[in-house]
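What follows is a set of notes on a single structure, which appears directly below.
The values are calculated or read from the model by the stated rules, or taken from the named source; none is laboratory data. Model, not experiment: these values are computed from the prediction. Glycine gets a Cβ as well: all are built from the backbone with ideal geometry, and neighbour counts include every protein chain shown.
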Amino acid sequence: MIVHDRAWNQGDVDRALQTARESGLVGVEDVLPSIHDLESVGAVRDAVAAALSDYQGQILTLREQIVEDIAAAEDIAAAAAAHEAGIQVSQGARCGVCRRGLWSRACYAFACGHACHGDCLVRLVTPELPAALQGAVAELCARIRTMEADADELEERGGEVAPRDAARLGELRDKLAGRVAADCPICGYLAISMVDKPLVDDAKAREW
């Protein structure tokens, strides 16, 4: 290495420092190990002071950047939390699948702004699921319908649903949501995966 040769073998510390600066690849810290006498150390005092000052400036700049990045990350997290905390759906909103009034029956709303009836969502998503999950969704829907019918009948007779049964029904609904409502069917992964599918299946096309 030229810098090492000039500092160690030739004892020319000034030229070694100049070479280091011109190269842009090494700094004064790379020259110091090549200095072997105390007299030469004094020659690099100013260079060391300048290097330390430069490092201090870089550290301060990095600290400021880190503070700015942390603040930006906190703002993004706060905005995301506020967005997810409440999804507003207008009174006149329509189902994204059947285009009928959304509030006529149970529905799902997504962070993207789309919303659809629960039964419409199940009909749209289920055929795209693996066979095992299709069966699980069908079973969940059947159990939910049975429990909802029992609850309606009980309330019509003036009774109240037991807290344990209400909690169980809520668990089943959450489980169903995890199967079919994990992503928006209108603009999410499902919609993308269905782009290349024909609008009419082969069986219906043959009927025409």
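Taking the criterion of being of a type outside the set (G, A, S) and touching a residue at least 12 places away in the same chain (Cβ under 8 Å), the residues of segment 161-182 that qualify are D165, R168, L169, L172, R173, K175, L176, R179, V180. Show the residue pairs that are 6+ apart or on different chains and have beta-carbon atoms under 8 Å apart, the first residue being within segment 133-160 and farther than 11 Å from L176 by Cβ and assigned by TED's automatic domain parsing to the domain that holds A182, the second being outside any helix (DSSP H, G or I) and of a type in the set (A, V, I, L, M, F, W, C). Pairs that qualify, where the first residue is farther than 11 Å from L176 by Cβ and assigned by TED's automatic domain parsing to the domain that holds A182 and the partner is outside any helix (DSSP H, G or I) and of a type in the set (A, V, I, L, M, F, W, C), are A151/V161; L154/V161; E155/V161. Listed conditions (1) surrounded by 11 or more Cβ atoms within 10 Å (Cβ to Cβ); (2) at pLDDT 85 or above; (3) not aromatic (F, W, Y) are all met by P130, apart from (1).
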